[in-house]
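Working notes for the structure below.
The values are calculated or read from the model by the stated rules, or taken from the named source; none is laboratory data. Note that the coordinates shown come from a computational prediction; the quantities given were computed from them, not determined experimentally. Note that we place each Cβ from the backbone using ideal geometry, even for glycine, and neighbour counts take in every protein chain shown.
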Amino acid sequence: MVNDAIPQAEQLYLFSQGALYHSYRMLGAHFVQEGGKTCVRFAVWAPHAAMVRVPGDFNGWDGSRHPLERLGDSGIWCGFVSEAREGDFYKYEIFTRDGRHMMKADPYAFLAELKPGTASRIYRLDGYMWGDAEWQRRKQEQPPYYKPLSIYEVHLGTWKKKNGGEWYSYREMAHELVDYAVERGYTHIELLPLTEHPYDRSWGYQSTGYFAPTSRFGYPNDLKYFVDRAHQRGLGVIMDWVPGHFCKDDHGLRQFDGQPLYEYEDHRRAEKPEWGTLSFDFGRGEVISFLISNAIYWLEEFHLDGLRVDAVASMLHWNFGKPESMWTLNQYGGDANLEAVEFLRNLNKAVFQYFPHALMMAEDSSDWPGVTKPAHEGGLGFNYKWNMGWMNDTLRYFQLDPIQRKWHHNLLTFAMMYAYSENYLLPLSHDEVVHGKRSLLNKMPGDYWQKFAQLRLLYGYMATQPGKKLLFMGGEFGQYDEWKDLEQTDWFLLEYPLHSAMSAYTLELNRLYLREPALWELDHRPDGFEWIDVNNNEQSILIYTRRGAAPGEELIVVCNFTPIVYHDYRIGVPQAGEYIEIFNSDKPEFGGSGIWNGAPLKTEAPGWHGRPHLVRIDVPPLGVVVLKRAAAEEPPHIPQLAPADTAQPAPRKRGRPRKQPPEAAEA
């Protein structure tokens, strides 16, 4: 229950200045004590309105019975309804100064009517008893930069459906989805936006109810149960969050009080023609209070572990995705939206003030500098940025015929030129498997067996590169069709051998990632990565080292991007002793051809690749191999380095490609 019956002058001032970071406690529908009895206080920001009333279940939808009163020049209208009860439906009835009449959903409502209805509902947020204290304690032990971060990205409406096509509820997903993600070795789930939205196929990216978890899957407390159980099982929860734009539906934020309010007044700045949406006005204090409060709300009320901020590039640039006829410039003649820049800095400062260990991730496709640099140092203040350059270059490379790859070797190596300019996350997200782009599996060239081999290689390559990880649902077992955003993931594919083997592979890869600190502990430090052989474009092979913080915590990774097998392949290593193959994507149980190194690999001298020692391995076709040195005493002498010529032996035989199995056509 809100303590103050009437919003206080200080609150109104901070709200107007963009500094009321809990504005959802002031605006919206709240139970309060007024005149000695409990009632519901309704408060809404509508500065251009001539009159505001509240029709709802409690008055037979006759708004004339409950007009609101304007609070001075704040633009906020407020009133009390003693007849209102939890669960009642309501809207704001807004009369404009030019005689128009509109029915609007409450921008601060905590619950919305299930689609196709568009009303708001009265809901108490208090009363849920959380059981995630141990998770919250452990989250504070170490910053996320030095922890493993493997994210399973999920659209809650299509991950899995019931036999009749009905959605699972939040509470059901708290067992179905949470248990699956934990058993698959992920550290976090990332949910596509759960803010209430009218159109299923917007996936939540075009919202009308920023404070209302979508009613498709239940009530707000049900979502709290989902997050709570995830935390109790050791799984973090992140949500996609969309402060860059909102949809134009009549009951939503568009011209909320008859004039542009949440959006820019200049239509050239307000319109996002590429998406058919409107941009928030980042120069208006009340809008900034709305957005920052919303971020705080999800982290505070629902215990989310972080937010992935969508479409940051579209916020930073006035003319992103716009025709030249709509271009505008800032006061310095540039394209940067300086108001949005300031908003993002203030957003991150506010979030980290209240939640120092939150994950604030920017989905930014631009080359804006300092996205993950602290705001007080001139950066945007995020702690992670999606590495869209790595994703685009890598997928472009993998879609090439292996014969052509030697001429495009730089698509793999270029990303290391900027790998430490930001704190990066490597995403293979939903955006890459929709709108005719094909699934990750179906992007791969070659026959059916080669497609799976290359998908295993892609995942192994991603897992061993610097940067945190993200994979969209279905990718873990090789979804063959692209994401069908009205149907569930193709779980039936697990009945087919190569898809089942792919599922086994991603599980083992996740386990490898979690148990080897060298794969995540120094993700954001250059000393956590070193090339051993970066220039072998002729054979399309990359060899590199990943290191952890502890002395000797080191892995050697070999990636072969062609279907050619190499035996007795020499690899330079830094220390003498025995090396053990701890991972190989070509094992038969993963659907591979069985080229693997079972026995310990003893070092030889002189060395190779500029290292003092070498080992000889069998390199599988379209495969990734991970080696780790067995504990041993270092010999007292250092052998001489190898000559400059480090050419490798010619291939002895090709891999054993499988014939296309019967299930290929069926898949």
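For segment 555-567, which residues satisfy the criterion of being closer than 16 Å to residue 614 by Cα and crowded, with 20+ Cβ neighbours inside 10 Å?
Residues of segment 555-567 that are closer than 16 Å to residue 614 by Cα, as a first pass: 555-558, 566-567.
Across segment 555-567, the qualifying residues are 555, 556, 557, 558, 566.
Being assigned by TED's automatic domain parsing to the domain that holds residue 362 and under 25 Å from residue 92 (Cβ atoms): is that true of residue 274 here? Write out each step before concluding.
Details: assigned by TED's automatic domain parsing to the domain that holds residue 362: yes; under 25 Å from residue 92 (Cβ atoms): no.
The answer is no for residue 274.
Check every one of the strands (runs of 3 or more DSSP E) wholly within segment 232-339 and list those with 2 or more residues that are more than 30 Å from residue 176 (Cβ to Cβ) and among the small types (Gly, Ala, Ser).
Of the strands (runs of 3 or more DSSP E) lying wholly inside segment 232-339, none has at least 2 residues that are more than 30 Å from residue 176 (Cβ to Cβ) and among the small types (Gly, Ala, Ser).
Return the residues of segment 374-405 that are assigned to a helix (DSSP H, G or I), surrounded by 16 or more Cβ atoms within 10 Å (Cβ to Cβ) and charged (D, E, K, R); say none if nothing qualifies.
The answer is 393, 405.
Look at segment 23-49 and say how many of its residues are in contact with a Lys or Arg (Cβ under 9 Å, 6 or more places away or on another chain) and over 19 Å from residue 252 (Cα atoms).
The qualifying residues number 5.
Determine whether segment 356-373 contains at least one residue that is outside any loop (DSSP other than H, G, I, E, B), touching a helix residue (DSSP H, G or I) at 6+ places or on another chain (Cβ under 8 Å), in contact (Cβ under 8 Å) with a residue 60 or more places away in the chain and surrounded by fewer than 19 Cβ atoms within 10 Å (Cβ to Cβ).
Within segment 356-373, not a single residue is outside any loop (DSSP other than H, G, I, E, B), touching a helix residue (DSSP H, G or I) at 6+ places or on another chain (Cβ under 8 Å), in contact (Cβ under 8 Å) with a residue 60 or more places away in the chain and surrounded by fewer than 19 Cβ atoms within 10 Å (Cβ to Cβ).
Just one of (1) within 18 Å of residue 564 (Cα to Cα); (2) out of contact with any helix residue (DSSP H, G or I) (no Cβ under 7 Å at 6 or more places or on another chain); (3) of a type in the set (S, T, N, Q) trips up residue 454, so point out which.
Condition not satisfied by residue 454: (2).
Which pairs have Cβ atoms under 6 Å, sit 6 or more apart or on different chains, and link a residue in segment 524-547 that is loosely packed, with under 14 Cβ neighbours inside 10 Å to one that is modelled with pLDDT of 95 or more and not β-branched (Val, Ile, Thr)?
Taking only residues 6 or more apart or on different chains, the pairs are 526/420; 531/544; 538/406.
Among 396, 438, which is of a type in the set (D, E, K, R), touching a helix residue (DSSP H, G or I) at 6+ places or on another chain (Cβ under 7 Å) and over 17 Å from residue 309 (Cβ atoms)?
Working: 438 fails: touching a helix residue (DSSP H, G or I) at 6+ places or on another chain (Cβ under 7 Å).
Criteria check complete, one pass: 396.
Considering only residues of segment 527-552 that are within 29 Å of the chain's Cα centre (by Cα) and among the charged types (D, E, K, R), which is nearest to residue 583 (Cα to Cα)?
Taking the candidates together, the pick is 546.
Conditions (1) more than 18 Å from the chain's Cα centre (by Cα); (2) over 30 Å from residue 285 (Cβ atoms), marked per residue:
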site: 174; (1), (2): yes, yes
site: 177; (1), (2): no, yes
site: 185; (1), (2): no, yes
site: 215; (1), (2): yes, yes
site: 218; (1), (2): yes, yes
site: 241; (1), (2): no, no
site: 249; (1), (2): yes, no
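Kindly evaluate residue 611 against the criterion of being modelled with pLDDT of 55 or more, assigned by TED's automatic domain parsing to the domain that holds residue 547, outside any loop (DSSP other than H, G, I, E, B) and basic (Lys, Arg). Can you show your working first?
Working: modelled with pLDDT of 55 or more: yes; assigned by TED's automatic domain parsing to the domain that holds residue 547: yes; outside any loop (DSSP other than H, G, I, E, B): no; basic (Lys, Arg): yes.
So residue 611 fails the test.
Quick check on my filter: what residues within segment 57-85 are out of contact with any helix residue (DSSP H, G or I) (no Cβ under 7 Å at 6 or more places or on another chain) and part of a strand (DSSP E or B)?
67, 69, 70, 77, 78, 79, 80 - these are the residues of segment 57-85 that are out of contact with any helix residue (DSSP H, G or I) (no Cβ under 7 Å at 6 or more places or on another chain) and part of a strand (DSSP E or B).
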